[in-house]
Amino acid sequence: MRAMVLDRPRSPLRAADLEIPSPAPGQALLRVLACGVCRTDLHVADGELAESKLPLVLGHQVVAEVVKGERLRPGSRVGLPWLGWTCGECRFCCSGRENLCPRARFTGYHRDGGFAEYTLGDERFCFPMPDAYTDLEAAPLLCAGLIGYRSLVAAGDAARLGLYGFGAAAHIAVQVARHQGREVYAFVRPGDEAARSFAVKMGANWAGDSDKAAPAELEAAIIFAPAGELVPRALRAVGPGGVVVCGGIHMSDIPSFPYELLWGERVVRSVANLTRRDAEEFLALAPRVPVRTEVTPYPLEAASRALEDLRRGRIRGAAALVASAS
């Protein structure tokens, strides 16, 4: 099979011809139909998440056809997300918090992912994909959508919500938030008129530069951009009792800020990974909104270019690789 392989951090992905993997008990062999390109892939490729296996096949927004499995029906379409395996025995797994399992294994990080024609998935962590979406449209739902959904839940019932950074996750989250009846204020990189217009198109009530004050006091804010300096800005924007949710897996250092920004029972919290319940709830909700994804397709061999375009902010909405397996 064709695959794009990361041999070492901060190096271009290598095109390789690998053996099609054989599933172990409890696993399914999956033929990749599309695989989303996520900022987490970029963090792994850049060595900012340093515990990955090497060499590694990236990719954790995998839309695939089941080729062989014990529980899953061959020919069915499933999604394989970031959370690829948990122990099921620790205090986190036993309390509905499997996203914090210390032994968890993640797709495209500890296990080879979807930047290939075939991959393996634990059958417990493969989810039926909604029929309303093409393979390409469905791919971003599996991380951008799931993390955005978990972040919205963490933000509580805030009626006025700020979104900092308007990429793949925010362009989905804004649609869900508007469906829930919230006002949404989108904050983009200063001077990025394309991102500002895109945010308004996707449903934001207002969009403007992230270094400017919000036009109204927010009740909660979600930070999707991996920029620690946005945390104090978001704290200034939320009122007493407000919540600032950090939705990324990696963020630059948060600068010091005066205690008065936190006082008034404001809360800063992170969102880590996802649970199977998140996936079940969101994948049922998405067609009802209905969530629409904007996706730029890339051929499998252009994976390095897709990552660089993501790094440079050249992608509107989301990106995905398309592999045509024989």
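The values are calculated or read from the model by the stated rules, or taken from the named source; none is laboratory data. Just so it is clear, the structure is predicted and the values come from calculations on it, not from any experiment. A quick note on method: Cβ atoms are made from the backbone with ideal geometry, for glycine too, and the neighbour counts reach across all protein chains shown.
Just a few scattered comments:
- Residues within the range 137-163 that are assigned to a helix (DSSP H, G or I) and surrounded by fewer than 20 Cβ atoms within 10 Å (Cβ to Cβ), tallied: 2
Rundown of residues vs (1) under 30 Å from L30 (Cα atoms); (2) crowded, with 24+ Cβ neighbours inside 10 Å; (3) in the same structural domain as P299 (by TED's automatic domain parsing); (4) aromatic (F, W, Y), yes/no style:
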| position | (1), (2), (3), (4) |
| --- | --- |
| Y185 | no, no, no, yes |
| K212 | no, no, no, no |
| E217 | no, no, no, no |
| I222 | no, yes, no, no |
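- In the range 202-226, the residues that are of a type in the set (A, V, I, L, M, F, W, C) and out of contact with any strand residue (DSSP E or B) (no Cβ under 8 Å at 6 or more places or on another chain): M202, A213
- V289 meets each of the listed conditions (1) surrounded by fewer than 21 Cβ atoms within 10 Å (Cβ to Cβ); (2) aliphatic (A, V, I, L, M); (3) farther than 25 Å from S197 by Cα apart from (3).
- Checking H179 against (1) surrounded by fewer than 20 Cβ atoms within 10 Å (Cβ to Cβ); (2) in contact with a strand residue (DSSP E or B) (Cβ under 9 Å, 6 or more places away or on another chain), the condition it does not meet: (2)
Condition check ((1) assigned to a strand (DSSP E or B); (2) farther than 30 Å from A237 by Cα; (3) among the hydroxyl-bearing types (S, T, Y); (4) assigned by TED's automatic domain parsing to the domain that holds C87) across all residues:
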site: E260; (1), (2), (3), (4): no, no, no, no
site: G264; (1), (2), (3), (4): no, no, no, no
site: D278; (1), (2), (3), (4): no, no, no, no
site: F282; (1), (2), (3), (4): no, no, no, no
site: Y298; (1), (2), (3), (4): yes, yes, yes, yes
site: A303; (1), (2), (3), (4): no, yes, no, yes
site: D309; (1), (2), (3), (4): no, yes, no, yes
site: R316; (1), (2), (3), (4): no, no, no, yes
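- Among the residues of the range 79-96, those identified as loosely packed, with under 15 Cβ neighbours inside 10 Å and within 19 Å of D278 (Cα to Cα) are C87, G88, R91, C94, S95, G96.
- Verdict on R316 being closer than 30 Å to R77 by Cα, in contact (Cβ under 8 Å) with a residue 12 or more places away in the chain and of a type outside the set (A, V, I, L, M): yes
- Selected residue [in contact with a helix residue (DSSP H, G or I) (Cβ under 7 Å, 6 or more places away or on another chain) and touching a residue at least 60 places away in the same chain (Cβ under 8 Å)] from A169, A194: A169
- Cβ separations smaller than 8 Å between residues 6+ apart or across chains give the following pairs from the range 226-241 residues that are at positive phi and at pLDDT 95 or above to residues that are surrounded by fewer than 15 Cβ atoms within 10 Å (Cβ to Cβ) and of a type outside the set (K, R): G241/G264; G241/E265.
- Within the range 285-296, tally of residues that are closer than 12 Å to L146 by Cβ and outside any loop (DSSP other than H, G, I, E, B): 2
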